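Structure, as structure tokens:
The values are calculated or read from the model by the stated rules, or taken from the named source; none is laboratory data. Remember, it's a predicted structure, so these values are computed and weren't measured experimentally. Cβ placement follows ideal geometry from the backbone for every residue including glycine, while neighbour counts extend to all protein chains displayed.
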Amino acid sequence: MSIMLPSLNSAQLSLADVLPSCLSSLGIRQQPNALELPPVRSAVVVLIDGLGALNLSSASAHARFLSKNSSPETHLSTVFPSTTAAALASLTTGATPGQHGMTGYRVLDAESGEVLNLLTGLGALTSPSSWLRCDPLYGLAEENGITPTVVAHPRFAETPLTHIIHEGAVQLSAKTIDDRVQAVLSTLNQPGQHLIVLYISELDELAHNKGVSSAEWAAALESVDGAIKELSDRLPEGVGLFVTADHGVLDVTQSQHFLYGLDVDHMRHIAHVGGEPRCLQLYFSEKATEAERAQAVASWREDWSELAWVLTQEEVLAAGLYGDVDSEVLSRLGDVFVLAKKDVAFYDERDTSLKGRNMIGQHGGVSHTELAIPGIRLGAYSR
């Protein structure tokens with residue numbers, strides 16, 4: 001089977017390159033500087049959840065500062081799947097999901113036999129920290145005399161995901177984006193070297209609820225743009241500022257929702273469904289024979305080939321979507337992946353609550369809109 005997936009270029013610079021490059025620019029030379037960032041006194045990384053490079057260019061009138069400083073030549077690629085838990089873990093560890101183990105939105109924990117929501121459900125594990133298989137880079141920063149700090153909305157402060165992926169960093173919280181910017185500036189005015197990650201979640205939340213084509217999202221983008229300009233204008237001398245995102249977002253109307261779950265040929269041997277609406281991960285029953293598994297894959301392909309790439313785990317690995325995969329991460333990956341080809345989303349019709357079907361903005365797939373993210377260099381990182 002020929003697998004022609006868009007925009008997946010293993011040689012392209014990625015979100016996982018950002019923090020290692022920043023640490024190298026701060027003097028930790030053993031870290032690779034793939035982004036070729038110049039030496040700086042301190043570094044700030046702003047991660048704007050859901051602001052893909054194409055989202056930014058399409059709404060340039062609402063983000064004049066960021067758009068002026070962004071270009072296709074500086075775009076990065078996020079990781080696969082293009083979902084927040086996987087991407088944030090790649091940012092903080094400098095590793096791919098196949099290495100750090102945060103392999104999707106909903107992932108099977110083989111030990112418990114339960115599908116975990118990695119954004120909200122890691123607390124159910126006996127040892128949540130063991131789920132992340134690579135150490136965050138904050139510890140390395142601190143060992144080298146650099147103070148690592150994360151600034152985010154208070155509602156993220158005590159979540160298991162935050163504790164795991166930001167272990168070793170000072171946690172600062174502020175409700176408004178402007179107050180978070182002020183917290184960054186106040187930290188930079190303290191003695192010593194600093195590595196600061198500023199997390200802005202508001203755009204992604206509005207994209208899910210209203211869509212990236214909405215007036216509400218455009219207004220929020222204007223506020224974010226103004227806040228980043230304020231931060232850039234007030235940076236102390238010698239501080240590098242790098243602005244990026246975890247993924248892009250595309251709008252999917254309910255007319256483009258396709259349902260699964262009741263077709264016997266599709267689901268007879270499927271024990272669990274993970275992933276997200278644009279990237280399903282199907283887990284076979286342990287009792288399913290090789291022939292039964294092959295028959296199920298063939299059934300999905302026959303009925304869904306116009307909408308999705310239906311790939312076995314082996315095909316996903318061969319295509320390099322996860323990069324190098326640690327052997328202990330393999331059990332977390334679905335046996336079958338259903339990847340949206342078009343602007344569609346897939347929902348389980350057995351879920352009578354219709355949970356999630358009111359989401360307009362979607363991501364998780366492999367379209368250029370979802371994968372391309374900005375790589376904006378400001379302050380002492382300006383070219």
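How many residues are over 20 Å from residue 242 (Cβ atoms) and part of a helix (DSSP H, G or I) when one looks only at the stretch 160-177?
Residues meeting the conditions: 5.
How many residues, within the stretch 134-159, are in a helix (DSSP H, G or I) and either touching a Gly at 6+ places or on another chain (Cβ under 9 Å) or closer than 29 Å to residue 177 by Cβ (or both)? Don't jump to the end; show me each part of the working.
Residues of the stretch 134-159 in a helix (DSSP H, G or I): 138-143, 154-156.
When the remaining residues are screened for being either touching a Gly at 6+ places or on another chain (Cβ under 9 Å) or closer than 29 Å to residue 177 by Cβ (or both), the result is 138-142, 154-156.
Going through the stretch 134-159 one residue at a time, the tally reaches 8.
Pick from 360, 373: which is at pLDDT 95 or above, crowded, with 24+ Cβ neighbours inside 10 Å and not small (Gly, Ala, Ser)?
Numbers: 360 fails: crowded, with 24+ Cβ neighbours inside 10 Å.
Residue meeting the stated conditions: 373.
Any chance the stretch 27-49 includes a residue that's among the charged types (D, E, K, R), surrounded by fewer than 17 Cβ atoms within 10 Å (Cβ to Cβ) and within 18 Å of residue 228 (Cβ to Cβ)? It would help to see each step written out before you state the result.
Filtering the stretch 27-49 down to residues among the charged types (D, E, K, R) leaves 29, 36, 41, 49.
Within this subset, residues satisfying the condition of being surrounded by fewer than 17 Cβ atoms within 10 Å (Cβ to Cβ) are 29, 36.
If we keep only those that are within 18 Å of residue 228 (Cβ to Cβ) as well, we get none.
No, there is no match, as no residue in the stretch 27-49 is among the charged types (D, E, K, R), surrounded by fewer than 17 Cβ atoms within 10 Å (Cβ to Cβ) and within 18 Å of residue 228 (Cβ to Cβ).
Condition first: in contact (Cβ under 8 Å) with a residue 12 or more places away in the chain and either of a type in the set (A, V, I, L, M, F, W, C) or over 12 Å from residue 378 (Cα atoms) (or both). Now tell me which residues in the stretch 215-229 satisfy that. Don't jump to the end; show me each part of the working.
In the first step, residues of the stretch 215-229 are kept if they are in contact (Cβ under 8 Å) with a residue 12 or more places away in the chain; the result is 217-229.
Within the stretch 215-229, 217, 218, 219, 220, 221, 222, 223, 224, 225, 226, 227, 228 meet the criteria.
With 210, 175 as the choices, which residue is touching a residue at least 12 places away in the same chain (Cβ under 8 Å), among the charged types (D, E, K, R) and touching a Phe, Trp or Tyr at 6+ places or on another chain (Cβ under 6 Å)? If you could, list the steps in order and put the result at the bottom.
Numbers: 175 fails: touching a Phe, Trp or Tyr at 6+ places or on another chain (Cβ under 6 Å).
Result: 210 is the single residue among 210, 175 that is touching a residue at least 12 places away in the same chain (Cβ under 8 Å), among the charged types (D, E, K, R) and touching a Phe, Trp or Tyr at 6+ places or on another chain (Cβ under 6 Å).
Out of everything in the stretch 359-383 that is under 21 Å from the mean Cα position of the chain (by Cα) and in a loop (DSSP other than H, G, I, E, B), what residue ends up being farthest from residue 75 (Cα to Cα)?
Applying the first criterion (under 21 Å from the mean Cα position of the chain (by Cα)) to the stretch 359-383 yields 359-377.
Next, only the ones that are in a loop (DSSP other than H, G, I, E, B) stay: 359-360, 363, 365-367, 374-375.
Numbers: 359: 27, 360: 25, 363: 18, 365: 18, 366: 16, 367: 15, 374: 5, 375: 5 Å.
Across the stretch 359-383, the extreme among qualifying residues is 359.
What's the number of the condition residue 181 fails, among (1) assigned to a helix (DSSP H, G or I); (2) among the aliphatic types (A, V, I, L, M); (3) in contact (Cβ under 8 Å) with a residue 60 or more places away in the chain?
Single failed check for residue 181: (3).
Go through the stretch 254-309 and report how many residues are exposed (fewer than 14 other Cβ atoms within 10 Å of the Cβ) and at positive phi.
0
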